[in-house]
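The next block holds one structure in the form of structure tokens; read it before the comments.
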Amino acid sequence: MNVLLINGSPHAAGCTHTALSEVARMLNEERIDTELLHVGNKDIRGCIACGKCRSLGKCTFDDIVNDAAKKFENADGLVVGSPVYYASANGTLVSFLDRLFYSSPFSKRMKVGASVVSARRGGNTATFDELNKYFTISQMPVASSQYWNQVHGFTADDVRKDEEGLQIMRTLGRNIAFLIKSIALGKDAYGLPQQETHIATHFIRAER
């Protein structure tokens, strides 16, 4: 079993990394392998809605998004971490996630998802909600903790002093591990839930 963790901060060893590392440490204690991928300092453009991924099976822009998709496909869980900018996630991370989720053809159903946010002071819950939407549109169970998955601080040292925040990360790591193991047992015992043919609709109606 393994979990892919995404660091959406420009800083490789900053606040977001510190929070994700605490989650990863708990996962490792639960005998779940982890890989931490740093994307926040990469040149990642947004989706241009070209639709080429439908025929290619991957994004037409062959960068770290396609590399991450291969890791994501083989993972049992995905943890996404972001700093808070203007009460929202890092724009580079949003571009990465838009393309990762839209262009990858494999099913993400029943992979466990979790988001982690880091702020100096405010905007955490808005960013937390923003990131969780990627999971809930993909049939991914969302792992929670004893509080919203957030840490506070201006530097990594500040985060290391956020005792409650680090405890939230540890609880999150244990909960992710439990969900992954439980889903694996449930698949063996009962199989996956019945899947209906997808219905896509819109709200335009012809005038009568």
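The values are calculated or read from the model by the stated rules, or taken from the named source; none is laboratory data. Keep in mind that what you see is a predicted model, and the values were worked out from it rather than measured. Neighbour counts are summed over all protein chains in view; Cβ atoms, including those assigned to glycine, are modelled from backbone coordinates with ideal geometry. SASA here: full protein model, heavy atoms, side chains in, ligands and nucleic acids out. Shrake-Rupley method; radii C 1.70, N 1.55, O 1.52, S 1.80 Å.
Structure summary
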read-out	value
Residues (in contact (Cβ under 8 Å) with a residue 24 or more places away in the chain and open to solvent by less than 50 Å² (accessible area, probe 1.4 Å)) located in the stretch 46-63	46, 53, 57, 59
Qualifying residues in the stretch 110-140 (those that are in a loop (DSSP other than H, G, I, E, B) and polar (S, T, N, Q)) - the one nearest to residue 177 (Cα to Cα)	139
Answer residue from the stretch 1-31, given it is part of a loop (DSSP other than H, G, I, E, B), open to solvent by less than 30 Å² (accessible area, probe 1.4 Å) and touching a strand residue (DSSP E or B) at 6+ places or on another chain (Cβ under 6 Å) and is nearest to residue 182 (Cα to Cα) among those	8
Residue check, residue 67 within 14 Å of the chain's Cα centre (by Cα), assigned to a helix (DSSP H, G or I), acidic (Asp, Glu) and more than 24 Å from residue 158 (Cα to Cα)	no
Long-range neighbours under 9 Å by Cβ, at least six apart or interchain, first residue more than 8 Å from residue 30 (Cβ to Cβ) within the stretch 176-187, second of a type in the set (Lys, Arg) and open to solvent by less than 50 Å² (accessible area, probe 1.4 Å)	180/111; 183/111
Restricting the stretch 64-105 to residues that are open to solvent by 10 Å² or more (accessible area, probe 1.4 Å) and of a type in the set (Phe, Trp, Tyr), the residue that is farthest from residue 171 (Cα to Cα)	102
Some residue of the stretch 175-183 being out of contact with any His (no Cβ under 8 Å at 6 or more places or on another chain) and either at pLDDT below 95 or farther than 19 Å from residue 79 by Cα (or both)	no
